[in-house]
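Read through the structure below, which is laid out as structure tokens, and then see the notes.
The values are calculated or read from the model by the stated rules, or taken from the named source; none is laboratory data. Please read these numbers as outputs of a predicted model, since none were measured by experiment. Virtual Cβ from ideal backbone geometry, glycine too; neighbours counted across all protein chains shown. When the accessible area is computed, the model is the full protein with side chains, heavy atoms only, and any ligands, DNA or RNA have been set aside. Shrake-Rupley method; radii C 1.70, N 1.55, O 1.52, S 1.80 Å.
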Amino acid sequence: MIVTPEKSGPVDAQVTAPPSKSYTHRALITGALGSGTTVVHHPLYAEDTELTIRALLALGIPVEADPFRVTLTGCDGEVPSAGETTLNLNNSGTSLRLLASLALLRKDPVVLTGSPRMQERPVGPLAESLRTLGGTVAFPKKDGFPPLRVGGRLRGGPVTIDGSISSQFISSVLIAAPYADEPVEITIPSPPASQSYLDITLGVMEAFGASVRREGYSRFSVSTTDRYRGRNYEVEGDYSSASYFFAIAAICGGKITVDNLRPDSVQGDRRFLDALRGMGCTVTYAAGSVTVERTGPLAGISFDMSSSPDTVQTLCMVAAVAGSQTTITGIGQLKYKESDRINGTADRLRSLGGDVTVGDDSLTIRPAKLHGGTIDPANDHRTAMSFAVLGRCTGGITITGAECVTKSFPEFWEILAEVR
């Protein structure tokens with residue numbers, strides 16, 4: 001699929017944010033582990049979340065889905081077992097990492113694998129954590145990288161987890177922890193990457209009845225007496241997906257309102273709005289919606305995006321058309337995403353005339369005259385959507401392999417075309 005977004009002047013539009021991918025994954029897995037029936041209302045149906053649903057079915061969890069909800073019959077912490085099971089999670093790192101700990105809650109091992117790119121994304125720190133907690137982990141191909149074969153039993157106790165590559169290593173253990181033989185005491189030796197996602201994990205766990213004591217982002221204690229109970233769970237809207245439309249208002253000028261967003265959400269990508277405000281946009285929160293408007297010039301900023309990883313590329317597009325230099329920091333973990341989003345973004349911006357410098361943990365973007373070109377996102381959904389947004393300003397940007405957006409936002413191209 002090839003798409004060339006239409007160049008736009010100032011916009012005036014209202015769109016609806018799709019459901020959150022992060023919350024959908026976590027609600028599905030938590031509901032699968034709980035007792036009784038869970039109904040997840042308004043889940044995100046996209047490639048990644050459907051991989052999680054198929055994986056739960058492969059593990060023997062009864063799951064029924066219709067366009068508005070997913071119904072799960074929980075296993076009460078005892079994942080059904082009928083011999084060794086292989087889960088191919090394709091390019092969904094969230095699915096692979098979060099499901100890895102569930103293998104310690106069944107009798108037979110689970111092999112977790114994925115796409116060639118998935119097999120380049122490290123999971124060594126998660127494997128070490130699972131071994132400490134009673135698991136056995138083997139790497140059939142390359143040590144520390146998928147595929148991995150996970151077995152053993154979740155015995156619990158103290159564990160130190162290195163979350164500097166991904167906070168999902170910590171979330172994986174947290175979600176399974178209520179079903180350990182003894183309480184799990186997690187120590188995080190250094191600030192984790194994308195720590196706001198731990199707030200999402202803990203919020204879902206507590207909504208389903210778990211009890212977690214925490215000391216900031218350095219220590220978590222999970223009770224084994226308070227376990228998950230089935231419930232009705234409503235998935236909130238996704239700030240990561242909304243960011244593309246906020247960015248259009250910033251880049252093209254005008255105003256865009258995005259509905260289905262909680263103003264008090266703990267999603268880290270909500271900070272993207274703080275960046276836009278710092279660059280000269282007006283941000284207005286209402287009950288269930290957020291509006292971004294720009295009428296004046298767009299200025300560069302220095303901004304730490306360590307808790308907002310999925311909107312870094314979107315911010316790069318805004319920075320590329322700003323009137324002064326922007327430096328984005330706290331982004332070292334992006335080299336381990338669906339693609340190397342640091343160097344990949346810099347290279348693609350340069351191909352369009354951009355002036356970009358890459359640091360160890362940062363990107364600096366300076367004003368430059370941009371032009372059109374062809375962008376191959378290398379199967380990275382966020383690369384495709386970010387450069388599509390830039391194309392609305394410059395015109396002449398063609399996105400190849402545009403179908404990759406189905407990973408997180410299947411309706412993106414249709415909604416983008418309606419924004420005027």
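Taken about its Cα centre, the chain carries a charge dipole of roughly 420 debye when the Cβ of each Lys and Arg holds +1 and the Cβ of each Asp and Glu holds -1. Anything over 29 Å Cα to Cα? Flag those among 107/407; 142/407; 21/369; 21/255, in the order listed. In this structure, 107/407; 21/369 lie more than 29 Å apart at Cα. Here the chain is treated as a sphere whose radius is the Kirkwood value from Cα pairs; by Stokes-Einstein at 10 °C and 1.306 mPa s it diffuses with a coefficient of 73 µm²/s.
Taken per residue, the accessible surface of the range 160-245 reaches 33 Å², heavy atoms only and a 1.4 Å probe.
Find which of 240, 305, 279 sits farthest along the positive direction of the dipole of the range 238-305, computed with +1 on the beta-carbon of Lys and Arg, -1 on that of Asp and Glu, about the Cα centre. Checking the options against the dipole of the range 238-305, the answer is 279. Dipole magnitude for the range 275-360: about 120 debye, using +1 per Lys or Arg Cβ and -1 per Asp or Glu Cβ, origin at the Cα centre. Take the range 68-154, drop everything but the C-alpha atoms, weight them equally and run the Debye formula without solvent; then report log10 I(q)/I(0) at 0.11 Å⁻¹ to two decimals. Normalising to I(0) and taking log10 leaves -0.29.
Peptides 60-73, 309-322, 258-271, 94-107, ordered by how many other C-beta atoms sit within 10 Å of their residues on average, highest first, read 309-322, 94-107, 258-271, 60-73.
Using packing as a proxy for protection, rank 160-172, 19-31, 220-232 so that the peptide with the highest average count of other Cβ atoms within 10 Å comes first.
Numbers: 160-172: 23.9, 19-31: 27.6, 220-232: 17.3.
Ranking, from highest mean packing down: 19-31, 160-172, 220-232.
The share of accessible area on the range 56-107 that comes from carbon and sulfur is 49 percent, using a 1.4 angstrom probe. Ranking of 407, 369, 255, 141 by solvent-accessible surface, largest first: 369, 141, 255, 407 (1.4 Å probe, protein heavy atoms only, all chains present).
Counting helices only, and only those DSSP H runs with n ≥ 4, report the 222 nm mean residue ellipticity of the chain as the sum of -39,500 (n - 2.57) divided by its residues, in deg cm²/dmol to the nearest 500.
On the way: 12 runs with 125 residues, N = 420.
Calculated at 222 nm, the ellipticity per residue is -9000 deg cm²/dmol.
For the chain, the share of DSSP beta bridges that are antiparallel, to the nearest 5, is 65%.
Taking all protein chains into account, the per residue accessible area for the range 286-397 stands at 33 Å² (1.4 Å probe).
Taking only protein heavy atoms and a 1.4 Å probe, the accessible area of the range 248-327 is 47% carbon and sulfur. Taking every protein chain into account, the accessible area of the range 4-79 amounts to 39 square angstrom per residue (probe 1.4 Å).
Averaging the Cα positions of each part gives two centres, and for the range 273-349 and the range 1-76 these lie 26 Å apart.
Quick one: work out the % antiparallel among DSSP beta bridges in the range 312-420, nearest 5.
Here the antiparallel bridges make up roughly 75 percent for the range 312-420.
Sorting 38-48, 119-129 by their mean Cβ neighbour count within 10 Å, with the most densely packed peptide first, gives 38-48, 119-129.
For the range 222-271 versus the range 184-220, the inter-centroid distance based on Cα atoms is 19 Å. Nonpolar atom fraction for the range 114-191, defined as the carbon and sulfur part of the 1.4 Å probe accessible area, stands at 51 percent.
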